Amino acid sequence: MKDFPLVSICIPAYNAAKYIAETLNSVFLQTYENIEVIIVNDGSEDDTLEILNNYTSNKVIVINQENRGQCAAANRAFEQSNGDYIKFLDADDLLSANFIEDQVIALRNTSNVIASASWGRFYNNDVNTFKLSTEEVWKDMKSIEWLKTSLASGNNMMQCGLWLIPRNILLISGLWDERLNLINDFEFFIRVLLKSKEIRFVKDAILYYRSGIENSLSNQKTKKAYESAYLSISLGLEYLLNYENSNLIRKIAADIYQNLSYDLYLNHPKLYTLVTQKIKQLGGSRLPFPAGDKTRILVNIFGWKLVKFTKNLMGLK
C-alpha cells in the first residue's frame, strides 16, 4: 500500500449540535493530511445540520437523511467513502492531533492488520477532567487473543473511534447491523476483528471519550434497547464460538450472558429466561452480582434477586 493512503473518517451524527464542532476540529487538526470526512446527519432535530453545512468542502461530505439509526448512518457514510483505511467516529468524541498519522504509520507494510489506540474519559464536557485508562490489551496481539483477553476482563472497550480498519477487511466482514441501536459495536467489532490476523496497538494515538451525556445511547434502558443489547451480544458470542469453541471461550460467553442477565432481571423477563438458558448450555457462570461492599453483604444474606427487586422498588440503581 502507498505511504500516504487516503483515510476516510465516517461520522454518524444525531442531535449532536453541542459537540460536533469540537469533534470536527479535532479531525481537522490532524497532522495527517490525506483525509476525507463523511458526516451523515441522521434526521437530527436540533441544529446539527446547520452546523455541518458550514464545514462543506472538497474534503468534507455532508449527507442528510431521515432518522434511520446510528448503524444505518455509519453504513451510508462508508458507502460514500473512498479511503484505503476507514475510521468510524462518534460525533461527540475527540482525537489527539497525531492519531491518524501514528495509526497509518503502524499499519505500513502490513496485511490484514487493524490498528487500535489508547483512550480515556472526560466528564461534563471538560477536557481537563480527562483521565487515561489502561487495559491488558494495550499491546500488539493476535486478533483472537485480543478478543479473549479483552472480553475475559469484563471491561472491554471496542468503541469505534479506537480503530483504523483496512477497507478490504470491512468488505469481507460486512458493515453495521442496522437492526441494532444499543451495544452495536459489540457484535460488529467481534465480526471485524475475527477477519483480521493481528491488532497493532498505537500508544500515542489517544481517543478522548465523552462521558456523562444525558440521553446518550449507552444510557438507554428501554425494552427496545435491551432487545438490541441481547441481539448484539448473542450475535457476537455466536461468531466467537464458531471461530473457537474452547472451554475458555465458553466461560467468557457464559460470564457475559450472566452480566447481561443481572440487567434483564425484572426489566425484560422474556429475555432474562432466554439468557439463563444460554448460560446453562455453556456450562454455567459464577460471575458475581455487581455490588459494593454494603450491597454485597445484603446479597450474601438475601440473594441478589431480592436485593435487585428491593432496589428497583426504591428507585435505586
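The table that follows gives values for the structure above.
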read-out	value
Relative contact order (%) - the chain, alpha-carbon pairs under 8 angstrom, separation at least six	17 percent
Amide H partners (placed H, <5 Å) of Gln80, local residues excluded	none
Cα-based reach from Lys270 at 25 Å (exclusive), listing lysines while leaving out same-chain residues under 8 positions away	Lys221, Lys223, Lys224, Lys251, Lys278, Lys280, Lys305, Lys308, Lys311, Lys317
Using θ = phi - 60° and Karplus 6.51 cos²θ - 1.76 cosθ + 1.60, couplings along region 109-123 (whole Hz; Gly, Pro as x)	6, 10, 9, 6, 10, 10, 9, 10, 8, 7, 7, x, 9, 9, 10
Cα-based helix-to-principal-axis angle, 304-313 vs the chain, degrees rounded to 10	70 degrees
In nm, spacing of pseudo-spin labels at Glu45 and Glu79 (7 Å Cα→C-beta vector)	2.5 nm
Integer Hz, Karplus 6.51/-1.76/1.60 couplings in order for region 15-27, x for Gly and Pro	6, 9, 4, 6, 10, 4, 5, 5, 4, 5, 4, 5, 6
Shape call, region 214-288: gyration tensor on alpha carbons, a/c limit 1.5	prolate
Spatial separation of Cα centroids for region 59-76 and region 169-216, in angstrom	17 Å
Prolate/oblate/rounded label for region 161-317 (Cα gyration tensor, a/c 1.5)	prolate
Region 7-213: equivalent-ellipsoid semi-axes (sqrt of 5 x gyration tensor eigenvalues, Cα, Å)	25, 19, 17
Exposed-site-free run, longest, the chain (rule: GluC sites (Glu not before Pro); DSSP loop; at most 13 other C-beta within 10 Å)	137-213
Angle in degrees between helix 293-302 and the longest Cα principal axis of the chain, rounded to the nearest 10	40 degrees
Using alpha-carbon coordinates, inclination of helix 223-243 to the longest axis of the chain, degrees	80 degrees
Reachable lysines, given that their alpha-carbon falls under 21 Å from the alpha-carbon of Lys139 and they are not under 8 places away in the same chain	Lys87, Lys131, Lys148, Lys195, Lys197, Lys203
Global form of region 26-100, assessed from the alpha-carbon gyration tensor, a/c cut-off 1.5	prolate
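All of the numbers you see were taken from the coordinates with simple rules; none came from a lab. Please read these numbers as outputs of a predicted model, since none were measured by experiment. Please note: Cβ atoms are built from the backbone with ideal geometry, for glycine as well, and neighbour counts cover all protein chains shown.
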